[in-house]
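K.L.:
Provided herewith is a single structure, encoded as structure tokens, for subsequent inquiry.
Please treat every number below as a calculation from the coordinates, not as lab data. Keep in mind the model is a prediction, meaning the values are calculated, not measured. All Cβ positions, glycine included, derive from the backbone under ideal geometry; neighbour counts span all protein chains shown.
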Ligand SMILES: Nc1ncnc2c1ncn2[C@@H]1O[C@H](COP(=O)(O)OP(=O)(O)OP(=O)(O)O)[C@@H](O)[C@H]1O
Ligand SMILES: [Mg+2]
């Protein structure tokens, strides 16, 4: 068993967080490990890229809990609500998926994030490895939804703004490293193309690169056509790159 159990993927919006999380989940699903996938983004992309339907979401559970004293108490006890979390897991081929879902009323993101944290914390013990597709930006780190993370992968594309955001998130995460929130952080460069002056850009970001994923037309086409990324060939450039990232993650202590 590898030391890295909980991997969270974050970064600026639209940089490839969901693509990377999907490729990691897909690879692990084919291995002899119990995999929990978490869609911690209210935009709910992971079910599409993984090609799976979710029976219910954390957000829907929260809606049902509002106003029910008995249900609130069960949250405190940590008993029945864990089973509620288990009940809303989508069962995939080689993995389970917990989805945060979309909060329907405005202004209730905090509560949903609290419940999501509870869901992640209570279910993690039942699995060998947990992959979290997080929301864009550092907010879920600050809200401690992403805590006790073994490896935080911060995705950036090849733009200066995206790298700056990534560097900012890494700074936030590194402040938490001593308090057990994030053990390792790594910058992932995505959509890498040869024609971009990378060294200059990277100097601006000022953080070392953990892994790189090349621009892969198949990834983009599958997403455009709504085809699950799970059906990408093992030879696809992005799949091979994700395999290298997973290998490196497994070698961490
Ligand atoms: N390596 C890649 N090659 C080609 N296209 C890519 C690659 N990585 C991501 N994309 C494309 O970029 C777009 C954004 O990717 P993705 O949805 O994974 O980003 P995200 O960071 O999860 O976005 P959001 O912040 O909205 O959740 C998608 O259309 C996806 O197909
Ligand atoms: Mg996403």
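K.L.:
Relative to the longest principal Cα axis of the chain, at what angle does helix 109-124 sit, 0 to 90 degrees, rounded to 10?
P.N.:
90 degrees
K.L.:
Let me ask something else. Calculated from DSSP H runs of 4 or more alone, at -39500 (n - 2.57) each and per residue, what is the 222 nm mean residue ellipticity of the chain, nearest 500?
P.N.:
Details: 11 runs with 111 residues, N = 253.
Rounded to the nearest 500, it is -13000 deg cm²/dmol.
K.L.:
Once each part is reduced to its C-alpha centroid, what is the distance from segment 16-44 to segment 123-184 in angstrom?
P.N.:
15 Å
K.L.:
Here's another thing I want to ask about it. DSSP beta bridges in the chain, what fraction antiparallel, as a percent rounded to 5?
P.N.:
Values: 2 of 31 bridges.
DSSP beta bridges in the chain are roughly 5 percent antiparallel.
K.L.:
So if R0 is 25 Å, what FRET efficiency would residue 212 and residue 143 give, r being the distance between their Cβ atoms, rounded to the nearest 0.05?
P.N.:
Working: r = 29 Å, r/R0 = 1.18.
For R0 = 25 Å, the calculated efficiency reads 0.25.
K.L.:
Something else about it: At 0.36 nm per residue, minus the direct Cα-Cα distance, what do residue 87 and residue 203 gain on full extension? Give it in nm, one decimal, please. Please list the in-between numbers first.
P.N.:
Working: separation 116, 0.36 × 116 = 41.76 nm, distance 4.70 nm.
Extra length available between residue 87 and residue 203 comes to 37.1 nm.
K.L.:
So, one more: Among 54, 219, which comes first, second and so on when ranked by fewest other beta-carbon atoms within 10 Å? Mind showing how you got there, number by number?
P.N.:
Numbers: 54 18, 219 24.
Going from sparsest to densest Cβ surroundings: 54, 219.
K.L.:
Mind telling me which of 30, 119, 94 comes out most flexible in a GNM of the chain, alpha-carbon contacts under 10 Å?
P.N.:
Evaluated over the chain, the most mobile residue of the options is 30.
K.L.:
Compute the angle between helix 237-250 and the longest alpha-carbon principal axis of the chain, please, reported from 0 to 90 degrees and rounded to the nearest 10.
P.N.:
Taking the Cα atoms of the chain, the angle to 237-250 is about 70 degrees.
K.L.:
Okay, next question. Given the Cα-Cα distance of residue 175 and residue 2 and 0.36 nm per residue of separation, how much length would full extension add, in nm? Before the final figure, lay out the partial values.
P.N.:
On the way: separation 173, 0.36 × 173 = 62.28 nm, distance 2.45 nm.
Result: 59.8 nm gained on full extension.
K.L.:
For the chain, modelled as a Gaussian network with Cα springs under 10 Å, which listed residue fluctuates most, 200, 212, 135?
P.N.:
Most flexible of the set in this elastic network: 200.
K.L.:
Now for a different question. Cut-off 10 angstrom, C-alpha nodes, Gaussian network model of the chain. Which of 242, 29, 234 fluctuates the most?
P.N.:
234
K.L.:
Between residue 33 and residue 228, what's the calculated FRET efficiency when r is the beta-carbon distance and R0 is 22 Å? Round to 0.05.
P.N.:
Numbers: r = 20 Å, r/R0 = 0.93.
Result of the calculation: an efficiency of 0.60.
K.L.:
Follow-up. Helix 17-29 versus the longest principal axis of the chain: what angle, 0 to 90°, nearest 10, using Cα atoms?
P.N.:
80 degrees
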